[in-house]
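The structure appears below as structure tokens.
Every number here is computed from the coordinates shown, using simple stated rules; none is lab data. Not measured: the values here are computed from a predicted model. Here the Cβ positions follow ideal geometry from the backbone for every residue, glycine too, while neighbour counts run over all protein chains shown.
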């Protein structure tokens, strides 16, 4: 496996875990009525590589599931980064 591919996979994994944690924290804040994590932060973390963590966070915490654009952005992010992986494999 090329080193750049390994680094990219680690990057995607770390960002997915961070995004998952952000969704969990935001859900806790929503339940308690505290100051929330901005939607732009959640969506940006998904687009930057945490799309898988975003989808898992939405489903696991049942958070932001009524907003169609969260699903759309996370799916687009997954497709985008899967495409990058495909090109790195060539």
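Points worth noting:
- Projected label points at residue 68 and residue 83, each 7 Å from Cα along the beta carbon direction, are separated by 2.2 nanometres.
- Secondary-structure-derived ellipticity at 222 nm for the chain, considering helices only, amounts to -26000 deg cm²/dmol, per-run term -39500 (n - 2.57) for DSSP H runs with n ≥ 4.
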